[in-house]
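Report on the structure given below.
The values are calculated or read from the model by the stated rules, or taken from the named source; none is laboratory data. What you are looking at is a predicted structure, and each value in this text was computed from that prediction instead of being measured. Ideal geometry is used to build each Cβ from the backbone, glycine not excepted, and the neighbour counts take in all protein chains shown.
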Amino acid sequence: MMEKLLNKSYCPLPFKEIYADHDGNYKLCCHATITKKAVVNETLPFDWFFSDYLEDVRQKMIEGEILSECNKCTLMEKYGSSHRHTAIKSHGLKSDIEKVRLKLRINGSACNLACYMCHPYNSSERRKEFKAIWGKNIDDYFSTNYDNDPSKVKFSMWDVPIKRNNWNDIVNNILDNIHLIDNIHMTGGEPLQLPRHWELVDKIPSEFAKNIKLTYDSNITKLNYKNHHILDLKDKFGDIFIGCSADHYGKKLEYMRYPIDHKVFEENLKFVAKNFRYSLNITVALLNINDLEEIVEYYNNLGITNIYYGVLTVPRILSIRNVSDKHKKIFNEKYSHSKYHLILSELNKPIYNKNWYDVFSDYMNKLYGHRNLDWESTFDVKSYCS
């Protein structure tokens, strides 16, 4: 069976993960396209996970059938590695359902930052700023239709919180199946600042919590919420892993993850690194592609050595695919190490379209004009895109 799973379709995530986005849509994973409409307000998490649809998906993957839901990874693999490859490396080859990881965006999207690349439905501050500049029109920037993807799926930019009775039903379904769960991936918004996040972790019985790993995507700008503190989690849960989001350092970090205070971030990062398993998560895009080695050196000097690289694909105007052919060759040599494999897959895609820089600069001018910040003197994007 294991040899059979080494095909171009198989991915362990449909065997391992229950994922739902801020629109309440269930997906095979956070990168997948929606072809089967199912939402958390109508279908409970474990009903989705054991549905006929997912059973069919799993069987098709075992048989090696290429799925339209997986177009993003299929496209990435034309140019190199993909998220599917990363999942196989992380979880191995699984043909049976064992323990399950939850990644449900059910606790809200309140966030104290408005990161320049964040989809507005993931951050309340981002929505406020986006609405002030563009209203509700996001089609020019946040189209979720990837290249060669015929599904024409679009998301709302306005996150609608799950009603209390629906949230209670979802949590009860989780608690009824808590024996099947070995990992709960907390994301937001900023998860540590979400009341429902703390309510959920408080509801999990200690006898099960000791066997569960909590994984966080956090900007770590605040480590406490009212009478809760991040250290409270250590005694109850079996393992805690905190992914600390930072795309740069100093002034550039403050521009990219606006309005973060980089000094507060660094102090909290050192605290997290001392007390928890962690990674420093760098999302690679146009504004930092030229600085990755410099960023690593900076954080290494702070004692931060566990660094993970993700890659931005949407908005496509911010993607490193738009680097000039000359600099693609330079970056391919510069980042030839295997730890950069996802970066090169995105880098080597063709540019978004011939007018991408006009759209990019218009976006940046309006965004940073609203913030009264001069992005062009801070990020020399044009030097490696022309």
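Go over the candidates 253, 200 one by one and state the one that is out of contact with any strand residue (DSSP E or B) (no Cβ under 6 Å at 6 or more places or on another chain), in a helix (DSSP H, G or I) and closer than 18 Å to residue 18 by Cβ. Full working, then the answer.
On the way: 253 fails: closer than 18 Å to residue 18 by Cβ.
Going through 253, 200 in turn, the sole match is 200.
Is it the case that residue 386 is at pLDDT below 90, within 28 Å of residue 87 (Cβ to Cβ) and loosely packed, with under 12 Cβ neighbours inside 10 Å?
no
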For this session: Check the stretch 298-308 and report whether any residue there is under 18 Å from residue 116 (Cβ atoms), crowded, with 17+ Cβ neighbours inside 10 Å and either in the same structural domain as residue 83 (by TED's automatic domain parsing) or touching a Leu at 6+ places or on another chain (Cβ under 6 Å) (or both).
Result: no
Problem set entry | Filter pass, residue 78 being farther than 22 Å from residue 6 by Cβ and basic (Lys, Arg) | no
Seminar exercise, completed: Only unsatisfied item for residue 128, checking (1) over 21 Å from residue 27 (Cβ atoms); (2) modelled with pLDDT under 90; (3) not small (Gly, Ala, Ser), is (2)
Problem set entry | Condition met for residue 346 (surrounded by fewer than 16 Cβ atoms within 10 Å (Cβ to Cβ), closer than 19 Å to residue 290 by Cβ and in contact with a Ser or Thr (Cβ under 9 Å, 6 or more places away or on another chain)) | no
Exercise. Looking at the stretch 236-249, is at least one residue part of a helix (DSSP H, G or I) and over 20 Å from residue 188 (Cα atoms)?
Worked result: yes
For this session: Would you kindly identify the helices (runs of 4 or more DSSP H) lying entirely within the stretch 1-108 that contain at least 2 residues that are in the same structural domain as residue 177 (by TED's automatic domain parsing)?
Result: none
Exercise. Being at pLDDT 95 or above, over 17 Å from residue 190 (Cβ atoms), out of contact with any helix residue (DSSP H, G or I) (no Cβ under 6 Å at 6 or more places or on another chain) and charged (D, E, K, R), is that true of even one residue in the stretch 227-235?
Worked result: no
Seminar exercise, completed: Among (1) at pLDDT 95 or above; (2) surrounded by fewer than 18 Cβ atoms within 10 Å (Cβ to Cβ), residue 216 falls short only on (2)
Exercise. Restricting attention to the stretch 91-122, which residues are closer than 17 Å to residue 10 by Cβ and of a type in the set (D, E, K, R)?
Worked result: 94, 96, 98
For this session: Return the residue satisfying two criteria in turn: it lies in the stretch 55-108 and is among the hydroxyl-bearing types (Ser, Thr, Tyr) and surrounded by fewer than 21 Cβ atoms within 10 Å (Cβ to Cβ), and of such residues it is farthest from residue 175 (Cα to Cα).
Result: 79
Exercise. Being surrounded by fewer than 16 Cβ atoms within 10 Å (Cβ to Cβ) and touching a residue at least 60 places away in the same chain (Cβ under 8 Å), is that true of even one residue in the stretch 123-137?
Worked result: yes
